[in-house]
Amino acid sequence: MKRAVLIILASAGLALPAAAGASSPVKIRHVDFSAFPLVRVTALAPQGERLSVLENGAGADFLKARQLGAAQGLMLAVDNSESMQGRPLREAKQAAREFLAQERRAVTTGLVAFGHEALALTRGGESKTDVANTLAALAPDVQPGTSLYDAVVSSVRRLQRMSAGTRILVLLTDGHDVGSRASLRDAILAAQRGNVVVYAISAGTRADRATLAALAGSTGGRLFEAQDVTQLSSIYAALGQELDRTWQLSYLTRARPGDSLDLTVRAGSAEAAMRLRVPGSSSLGSSLIPASLAHRPLTAAIAVVLAALLLAVAGATAIRRRRAPQIRRLLSPHTARPDGEKEKRTQSGRLETLVAWTENAMADLPGSARLTRTVERAGSKLRIGHLPYLAVFSALLLVILGTATGAGAGLGILLLLAGLFLPFVGLWIAAGRRAKAFDRQLPDVLATVASTLRAGHGLRTALRAVADDGSPPASVELTRVLGEERLGRPLDEAITAMCERIGSEDLEYVATAINVQSQAGGSLATLFDTLSETVRERQRHARKVRALTSMGRMSATVLICLPFGLAFLMTLISPRYMAPFYKTSTGHVLIGFCLVSMSIGAFLLKRIVNVRY
């Protein structure tokens with residue numbers, strides 16, 4: 001609790017007015033460092049004026065100015081406990097409805113009622129009319145208790161789901177907190193993390209003004225006091241006028257923790273200034289390097305030199321370790337120790353046992369046969385048991401990289417899922433490329449086999465010539481076929497198994513022709529000549545079809561990429577225009593609808609331009 005109070009004092013209480021008095025038309029109400037290096041400033045300005053921020057006399061970087069009167073999310077939290085029965089609740093509902101009718105610019109509104117528990121009475125995306133009707137039907141709670149802090153936490157969560165822009169909570173109560181699960185510190189931290197500005201209204205003389213003032217002051221809001229419930233309408237009207245004059249300014253500071261800075265907010269010719277200190281100086285002062293020394297350019301230069309020396313030492317060590325195995329390889333037959341060899345065998349045996357156990361466990365899963373076929377088609381030396389560990393490693397690597405670059409929780413989950421599927425996608429791509437490479441080699445392979453057969457050699461000799469003198473992947477696959485044939489497998493079955501591994505339609509056609517010839521008889525040389533010419537013509541026809549459908553495929557690609565490019569361009573030109581599309585629940589629904597409809601369109605376009613031959 002002390003730490004939270006210190007943070008509030010550092011962000012608000014330590015700010016000393018330097019140039020603006022109480023009568024200044026510009027007033028800095030609150031400075032928040034909770035999202036450092038992002039600084040949020042809440043300030044008042046004359047009606048119709050726009051604010052600018054100077055830090056230490058220079059313009060603030062990446063400044064965003066948002067007027068609270070045009071907030072994207074507005075939540076009303078109304079106390080309906082037992083003490084509000086009768087006239088207080090009627091006056092509160094009437095004043096709140098009039099306030100809703102005046103606030104025409106809020107994008108989304110909501111209502112939370114709190115008695116012995118906090119209840120959200122509206123859903124996201126409801127109109128002001130629906131919220132007003134729900135408010136009119138609000139009845140007093142019959143059980144004792146006032147869950148004030150729970151209402152703040154619940155309202156903040158609802159606002160975070162409703163909008164990603166400016167969020168305002170208008171809180172009305174006539175008593176103290178009784179029965180909340182959350183504490184005052186929890187409510188303040190939730191509002192600060194959710195970037196919610198709290199405006200509190202104390203109705204009557206029994207309200208806990210100190211608590212409401214702490215809630216409002218720590219978030220940049222203000223406490224309004226109504227001694228009598230009949231003043232609530234005028235209080236809400238004053239609140240609406242203040243929202244039209246209040247701005248929330250956010251920018252990236254150049255200061256470091258512990259630095260002092262001069263903050264100036266301008267509106268036309270008027271300005272207000274503060275001298276304040278960035279929280280965190282105590283942690284810097286307790287470090288090994290004093291803050292005054294850590295900020296000097298000489299310190300940065302020394303750090304760069306030390307980093308360069310460490311990299312040089314690491315590079316020299318890596319080169320030394322790279323050379324050492326070559327010497328050990330030459331001397332290993334003469335200096336190898338039986339104990340060392342036994343230890344290596346033990347380690348390799350443990351790894352082999354782990355991989356074998358993983359393969360046995362994956363064999364019972366659906367799709368394991370397809371995964372095995374994909375690994376074989378890719379021509380990789382990996383085993384099925386290696387894939388789960390590669391997937392976990394790639395997922396952790398992507399999550400670490402995303403966390404280091406500041407990715408949020410949602411993006412981190414997407415990176416985790418992408419890392420899990422990354423090895424499998426890589427294998428699938430490698431299998432497709434290897435099959436295409438084999439198809440390109442197939443006509444020449446068949447022509448070579450036919451030439452060898454015409455010279456008087458047998459089929460095995462012809463295949464051996466291609467396996468010895470050819471290039472991968474044809475040479476590798478034919479070497480495996482001949483090896484299986486030497487182990488006792490019939491040649492036609494070995495060729496059929498090669499067709500299943502490669503997944504080539506042209507090769508399946510060749511295997512079928514060889515099986516028919518082995519049963520019907522005939523000249524093998526003539527058969528392979530015919531197969532070579534037929535496969536070559538098929539591939540030529542396929543290339544011609546791809547050329548004729550290239551315009552359709554390009555049109556499909558352009559139509560799919562055009563919405564993404566247009567959205568990116570519009571975001572660069574006018575981020576404020578595109579903000580509701582990215583930051584509101586309605587925009588998220590539209591994004592999902594667009595992605596689904598584009599996926600259906602992409603599938604249909606692919607079916608149109610995909611001509612089977």
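The values are calculated or read from the model by the stated rules, or taken from the named source; none is laboratory data. None of the values given here were measured: they were computed from a predicted structure. Ideal geometry is used to build each Cβ from the backbone, glycine not excepted, and the neighbour counts take in all protein chains shown. These accessible areas exclude ligands, DNA and RNA; they are computed on the full protein's heavy atoms, side chains included. Shrake-Rupley method; radii C 1.70, N 1.55, O 1.52, S 1.80 Å.
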Mind telling me which of the residues 574, 585 ends up being free of Cβ contacts under 8 Å to residues at least 40 places away in the same chain and either open to solvent by less than 40 Å² (accessible area, probe 1.4 Å) or of a type in the set (Gly, Ala, Ser) (or both)? 574
Just one listed residue, out of 500, 505, is within 40 Å of the chain's Cα centre (by Cα) and modelled with pLDDT under 80, and it is 500
Restricting to region 28-46, and then to whatever is within 27 Å of the chain's Cα centre (by Cα) and among the hydrophobic types (A, V, I, L, M, F, W, C), can you tell me which residue is most open to solvent (accessible area, probe 1.4 Å)? 36
Given the structure, is residue 532 at pLDDT 80 or above and open to solvent by less than 60 Å² (accessible area, probe 1.4 Å)? yes
Pairs needed: first member in region 225-249, within 15 Å of residue 47 (Cβ to Cβ) and without any contact (Cβ under 8 Å) to a residue 60 or more places away in the chain; second member anywhere, open to solvent by 40 Å² or more (accessible area, probe 1.4 Å) and aliphatic (A, V, I, L, M); C-beta distance under 6 Å; at least 6 residues apart or different chains. none
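What number of residues within region 377-386 satisfy the criterion of being out of contact with any Ser or Thr (no Cβ under 7 Å at 6 or more places or on another chain), of a type in the set (A, V, I, L, M) and open to solvent by less than 60 Å² (accessible area, probe 1.4 Å)?
Going through region 377-386 one residue at a time, the tally reaches 1.
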Give me the pairs: first residue in region 147-165 and touching a residue at least 40 places away in the same chain (Cβ under 8 Å) and farther than 24 Å from residue 578 by Cα, second residue open to solvent by less than 10 Å² (accessible area, probe 1.4 Å) and of a type in the set (S, T, N, Q), beta-carbon distance under 9 Å, and six or more apart or on different chains, which are they? 148/173; 151/173; 154/147
Could you list, in sequence order, all residues of region 153-189 that are touching a Ser or Thr at 6+ places or on another chain (Cβ under 9 Å), of a type in the set (A, V, I, L, M) and within 14 Å of residue 79 (Cα to Cα)? 169, 171, 172, 178
Out of 267, 210, which single residue is in contact (Cβ under 8 Å) with a residue 60 or more places away in the chain, of a type in the set (Gly, Ala, Ser) and either open to solvent by 60 Å² or more (accessible area, probe 1.4 Å) or out of contact with any Gly (no Cβ under 8 Å at 6 or more places or on another chain) (or both)? 267
Top-ranked residue in region 47-68 [being open to solvent by 40 Å² or more (accessible area, probe 1.4 Å) and not in a strand (DSSP E or B); ranked as modelled with the lowest pLDDT]: 48
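Here is a yes/no grid of residues against (1) open to solvent by less than 50 Å² (accessible area, probe 1.4 Å); (2) touching a Leu at 6+ places or on another chain (Cβ under 6 Å); (3) without any contact (Cβ under 8 Å) to a residue 40 or more places away in the chain; (4) among the basic types (Lys, Arg):
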| residue | (1), (2), (3), (4) |
| --- | --- |
| 480 | no, no, yes, yes |
| 493 | no, no, yes, no |
| 497 | yes, no, yes, no |
| 506 | yes, yes, no, no |
| 516 | no, no, yes, no |
| 543 | no, no, yes, yes |
| 549 | yes, no, no, no |
| 553 | no, no, no, yes |
| 558 | no, no, yes, no |
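Restrict the check to region 448-466 and report whether at least one residue is under 19 Å from residue 378 (Cα atoms), more than 42 Å from the chain's Cα centre (by Cα) and not β-branched (Val, Ile, Thr).
The answer is no, given that none of the residues of region 448-466 is under 19 Å from residue 378 (Cα atoms), more than 42 Å from the chain's Cα centre (by Cα) and not β-branched (Val, Ile, Thr).
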Check on residue 203, in contact (Cβ under 8 Å) with a residue 60 or more places away in the chain, open to solvent by less than 10 Å² (accessible area, probe 1.4 Å) and farther than 23 Å from residue 44 by Cα: yes
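Yes/no matrix, rows are residues, columns are (1) free of Cβ contacts under 8 Å to residues at least 60 places away in the same chain; (2) part of a loop (DSSP other than H, G, I, E, B); (3) touching a Ser or Thr at 6+ places or on another chain (Cβ under 8 Å); (4) surrounded by fewer than 17 Cβ atoms within 10 Å (Cβ to Cβ):
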| site | (1), (2), (3), (4) |
| --- | --- |
| 357 | yes, no, no, yes |
| 370 | yes, no, no, yes |
| 375 | yes, no, no, no |
| 388 | yes, no, yes, yes |
| 401 | yes, no, no, yes |
Inside region 431-472, can you point out the residues that are more than 22 Å from residue 523 (Cα to Cα), of a type outside the set (S, T, N, Q) and surrounded by fewer than 17 Cβ atoms within 10 Å (Cβ to Cβ)? 432, 433, 436, 437, 440, 468, 469, 472
The one condition residue 233 fails out of (1) buried (at least 20 other Cβ atoms within 10 Å of the Cβ); (2) over 35 Å from the mean Cα position of the chain (by Cα) is (1)
Look at region 236-257 and say how many of its residues are surrounded by fewer than 18 Cβ atoms within 10 Å (Cβ to Cβ) and either over 16 Å from residue 69 (Cβ atoms) or over 38 Å from the mean Cα position of the chain (by Cα) (or both). 7
So, first residue at positive phi in region 38-59, second residue polar (S, T, N, Q), Cβ within less than 8 Å, six or more apart or across chains; the pairs are 57/264
List the number of the failed condition for residue 392; all other conditions in (1) modelled with pLDDT of 80 or more; (2) farther than 30 Å from residue 494 by Cβ; (3) open to solvent by less than 30 Å² (accessible area, probe 1.4 Å) hold. (3)
Answer with yes or no whether residue 443 is closer than 30 Å to residue 398 by Cβ and either in contact with a helix residue (DSSP H, G or I) (Cβ under 8 Å, 6 or more places away or on another chain) or at pLDDT below 75 (or both). no
Of the residues that make up region 75-91, is at least one at pLDDT below 80 and surrounded by 15 or more Cβ atoms within 10 Å (Cβ to Cβ)? no
